[in-house]
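K.L.:
Questions regarding the structure given below will be posed in turn.
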Amino acid sequence: MTTELVHLAVSDGIATITLDSPHNRNALSRQLTGELWEHLRTALGNDGVRVIVLTGSGTVFCSGADLKEQREANEGGSGQLGPVGVPQILMAMWESPKPIIGRINGAARAGGLGLVAACDISVAVETATFALSEVRIGVIPAVIAVVLLPKLGLAKAMELFITGEPFSAADAVAFGITNASAPTQDLDAAVQRYVAMLRKGAPGAVAGAKQLLRDVPGMPMAEAFERMAELSARYFASDEAREGMTAFAEKRPPKWADGLE
């Protein structure tokens with residue numbers, strides 16, 4: 001029986017997906033990416049899930065591509081590791097209507113940084129290190145550039161992409177890849193703080209806010225104002241807005257946040 005490399009646990013509206021492949025430092029193997037894809041789809045399809053948390057076991061978040069499998073695939077002439085690849089996973093995370101928080105428990109390298117960047121919010125343990133080390137083995141960070149460039153900007157991406165130099169959790173925050181860093185003993189509390197904040201927002205509004213941040217940067221200004229005005233009007237007329245404004249007037253929590261502190 002094959003040991004599961006990615007675990008999914010759902011509790012109180014939170015889906016936690018954990019990479020657990022210690023033998024290869026949570027590398028993006030055929031099995032791991034396949035299981036990550038399936039658990040991500042399950043979490044996205046669960047109406048009871050409000051927030052997704054992505055993390056790893058041990059002291060490594062994700063070491064990037066499984067180079068042993070990649071060499072074998074190259075030698076076999078295909079170059080492909082399996083039917084589900086990193087592009088599909090990153091796109092699903094980027095376009096997810098549900099917010100995804102990265103609980104970055106340790107080092108992230110190469111493709112692992114793509115997972116970090118595809119999260120909407122991430123908190124890294126302060127001892128974590130990061131590197132876009134692809135050029136040092138003769139490849140480039142092509143796929144993950146799609147999610148990294150919007151966060152890094154061209155100047156910093158150029159430096160990190162062509163040098164491959166490691167950087168710290170504090171640097172990752174300064175560069176815009178992660179939102180915060182925390183000592184090991186405070187990592188869970190820092191993640192839960194973000195979870196609690198996200199659960200206070202209306203699910204549809206959170207999804208809409210996330211989507212507009214994906215859409216607006218690529219629009220001409222006139223189009224952006226026109227489309228966002230229409231979008232604003234639609235949200236103000238929504239059931240969530242009616243509930244939210246009624247709850248505000250009645251000085252009570254809205255239904256989606258009832259019971260939260």
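Where a number appears in this text, it was derived from the coordinates with a stated rule and is not lab data. Keep in mind the model is a prediction, meaning the values are calculated, not measured. Glycine also receives a Cβ, built like all others from the backbone with ideal geometry; neighbour counts cover every protein chain displayed.
K.L.:
Given the pairs 151/255; 98/151; 68/151, which span a C-alpha to C-alpha distance of over 24 angstrom in this model? Each step should come with its number before you reach the end.
P.N.:
Values: 151/255 33 Å; 98/151 19 Å; 68/151 30 Å.
Listed pairs above 24 Å: 151/255; 68/151.
K.L.:
Okay, moving on. R0 = 25 Å: FRET efficiency of residue 129 with residue 47, Cβ-based, nearest 0.05?
P.N.:
Numbers: r = 38 Å, r/R0 = 1.52.
Efficiency at R0 = 25 Å is approximately 0.10.
K.L.:
Any chance you could run the full-extension gain for residue 12 through residue 233? It's 0.36 nm times the residue separation minus the Cα-Cα distance, nm to one decimal. Before the final figure, lay out each step's value.
P.N.:
Working: separation 221, 0.36 × 221 = 79.56 nm, distance 3.20 nm.
The residue 12-residue 233 span can extend by a further 76.4 nm.
K.L.:
Order of 171, 186, 12 from fewest to most other C-beta atoms within 10 Å? Show your work: numbers first, answer last.
P.N.:
Working: 171 17, 186 14, 12 10.
Fewest-to-most Cβ neighbours within 10 Å comes out as 12, 186, 171.
K.L.:
Something else: Please sort 130-142, 232-244, 102-114 by packing, taking for each peptide the average over its residues of neighbouring beta carbons within 10 angstrom, highest first. If you can, show how the numbers build up before the last one.
P.N.:
Working: 130-142: 16.6, 232-244: 13.1, 102-114: 26.2.
The densest-packed peptide leads the list: 102-114, 130-142, 232-244.
K.L.:
Normalising by the residue count of segment 1-135, find the relative contact order in percent from Cα pairs under 8 Å and 6+ residues apart. Walk me through the numbers before you get to the answer.
P.N.:
Details: 269 pairs, mean separation 32.4, N = 135.
24 percent.
K.L.:
What does the charge add up to near residue 60, with Lys and Arg as +1, Asp and Glu as -1, over the other residues with Cβ less than 10 Å from its Cβ? Mind showing how you got there, number by number?
P.N.:
Values: positive: 25, 109; negative: none.
Spelling it out: positives minus negatives among the neighbours equals +2.
K.L.:
Figure the gain on full extension for residue 249 and residue 219 (residue separation times 0.36 nm, minus the Cα-Cα span) and round it to one decimal in nm. The partial results should precede the final answer.
P.N.:
Details: separation 30, 0.36 × 30 = 10.80 nm, distance 3.58 nm.
The span from residue 249 to residue 219 would gain 7.2 nm if fully extended.
K.L.:
Considering the values [x] 33, 21, 18; [y] 27, 19, 19; [z] 40, 24, 18, which represents semi-axes √(5λ) of the Cα gyration tensor in Å as calculated for the structure under consideration?
P.N.:
So the structure-derived entry is [x].
K.L.:
Calculate the FRET efficiency for residue 242 and residue 95 from the Cβ-Cβ distance with a Förster distance of 25 Å, rounded to the nearest 0.05. Write out the running numbers ahead of the final one.
P.N.:
Details: r = 27 Å, r/R0 = 1.08.
Once the sixth-power term is evaluated, E becomes 0.40.
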